[in-house]
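Bear in mind these aren't lab numbers, they're just calculated from the coordinates by the rules spelled out. It should be emphasised that the depicted structure is a prediction, and the values quoted were computed from it without experimental measurement. Here Cβ is always computed from backbone atoms with ideal geometry, including for glycine, and neighbour counts include all displayed protein chains.
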Amino acid sequence: MGTALLRHRRALLALFALAAVVAALGLPRLEQDLDPRALVPGARSQPARVAFLFRAAPGEALADARLAASHRVARALASRPGVQRVDAPTTTPIPHVPVARGLAALEEDAEGDDAPGLDTLAALVEAAPERLPGGLSALGERLGGALVVAPLVRGPAPSPDELARAREVLEAPALRGGPVGRSGASLLVVATLAPDADAAAVVRVAEEVAGDVRVEATGAPLLEAALKAQLARDPELVAGLAALGNFLVLFLGFRRQAGVALPMLAAGASVLLVLGTLGWLGHPITLLSIIVPPLLLTVAVGDAVHLVGRYAEERALGRDADAAAARTHEAMARACFATSLTTALGLASLAWAELPALRDFALVGAAGVLVAYLVTVGLLPLLLPVAGRAPRPARGELGLAGWALAHPWRALGASALVLVAALVAALGVRAETRLLEPFPADEPLVERADFLAREHGGLRRLTLTLPVDPATPAGLAEVRALRAELASEPGVARVAGPDALLDAAWATLAEGPLPEDRATLQALAGLVAALPTWRDATAEGATLEVGLADVPAERLVALGERLGARHGARPGGEAWRTSRALTVLGRELAVGFALALGLILLVIAVLGRSLRAGLASLPPNLLPLELVLGWMGLRGIPFTASTAMVFAVCLGLAVDGTIHVLVRYREERGRREDPRIAAVTTMRESGRGVRLGGFTLLAGFAALLASAFPPIATFAELSLVAIAGALLAELVLMPAMLRLVVR
């Protein structure tokens, strides 16, 4: 095949040039879609919440100007397209006893549309007739006024009297942690947006309507928009840095024009063909696809290093340029195909996951690696004979490999000690997938989200529905037991449910007539958060709504399953659906990794024509992954979906050096009977190529450290650990395995 390629050199070079031109014309069509929601299963189809905080000094949140501003913002947002619901202190129906109003107002409010919770209150009163003789009317008489469930301010602009009455209600201690912050230093307005709503436009409206009063917005849509803006420069930046790093490695390794320019040309052509094809297909660069260009550059340069090194070796044996190129193709095509195939298998294992963004990255990356193989192996043999002076041979000193060949048992012992240390450190790794993981910790929007969790119960919601009637003593006891257990869970910021409503109403009746309106309001203030939940769940049982901080998905799923088994509670809500999907994603990645590992070992066994060769390659290729786990334990990096990607991607990359060593060893064993001499020759001739290939991988993945997306930067850090570990394993453990196992 190498001879046939050289025979049709001009036609093939013209074909490569034409393909490059066509691909270049597709680049202007290439777009970016850097939406972080693509990394959270189902996030793009779910409504999103934007929180507006009106912060002040402790105890000053309910000042007239701030309360009026929150009311104006709530009214303005309610009329915006794409806003599905607005919850605010003055516009959300709250149960209260209006000042100077009698029982006649009760029937009047019941007929209006702004009293959606009154029927709920009536149902609760009628649920315990022995405790509430006379029903709802008697309750109103004992309170000294009509109990209504309505907004505190009804008009577009609150009057001073309305603000004063609203402040009386909102100062109730039971309302703290909901519309009013726990420390009394903030008010909260929450807008629920449709999935396709323009969050930035909603924020602009709120800021304009608030006037001189400062309003701070936070929420997932705003965090995602800020991150997208930061990531806009990432594709060009990381690709440029990867190219620069690989250029430096090639220059230091070969210091010849052919040894530097040709690998960079093949790598650049590979990236151009893949990106141009994506442009013609209308397929955008996604958040994970940022990894693809530096990955392809690195893989193509790594293969090119071995091709150039073998060409230099053949030229040093006295062959002319064309014969050396043909011999290089014959010797390296299958080995490079095997390395490309194993890398593609590692990437393709990610397609096992149901997350579209991850599946897209897996398929594009796997296809791109195979394209890079065709370009590198097809183009370099055509150009090497006409590139001028041949690179110097890649033969070098044995170094660590020589020590391992001379002392194989010591090499195995040292590797075993490293493995044990890594496993001990790996015991500290925990599976913790957090929604705020992709966002920088110093981002102001993240600080506001943390404040929201501490003061207002957060924006994430978990619902737990018990199949009981909370109006009965047994049902109420079950609800209270569940509430108490939830309150002790880490990350639970607030729990609301129908038991608070019953407790407040019954406590008020037990105390008799209350002359002070403020005391009445304080006793009934617990109705606020529970009414909407109770109203939605009367047909199926009692529902508790749990406000959450950024709880790891794995912990939340375990909590829901434990409470389901213990109390019969059925979990639901946005937080449960998202967390469940993320944990399923982690299991899918684990299954894909196991499948890829089996296929890669099969490829190595077939390539070496020996099951023993496949088994011998197992320790050198698993040791780097164990080092990654140990590094995660030392650094406190949790096991998440993004870190799980490292194992699949680096598994395919880690075996590249192993494959080249095995192929060369098999070739040398065909020439010599002594396996020790074959092993020494293999490491002397191929060892330097393995080192340069490892350094190109390090240079390519180091470029990803510059990404503004923390998961990609973490992915790069762990990949560097894996690649460095693979390089050491190939130079220390693999020679020992050649001596002790492969023969």
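Out of segment 656-743, which GluC sites (Glu not before Pro) are coil in DSSP terms and have no more than 12 other C-beta atoms within 10 Å? Walk me through the numbers before you get to the answer.
Details: sites: 667, 668, 673, 685, 717, 730; in loops: 673.
Answer in residue order: 673.
For every other residue with a beta carbon closer than 11 angstrom to the beta carbon of residue 288, add +1 if it is Lys or Arg and -1 if Asp or Glu, then tell me the sum. Counting the neighbours of residue 288, the net charge comes to -1.
In what sequence do 255, 494, 635 fall when counting other Cβ within 10 Å, fewest first?
On the way: 255 11, 494 20, 635 14.
The fewest-first ordering by Cβ neighbours comes to 255, 635, 494.
The mean sequence separation of alpha-carbon pairs under 8 Å and at least six residues apart, normalised by the residue count of segment 340-391, gives a relative contact order of 33 percent. Toward the positive end of the charge dipole of segment 151-203, with +1 on the Cβ of Lys and Arg and -1 on the Cβ of Asp and Glu, the farthest Cα among 175, 189, 163 is that of 175.
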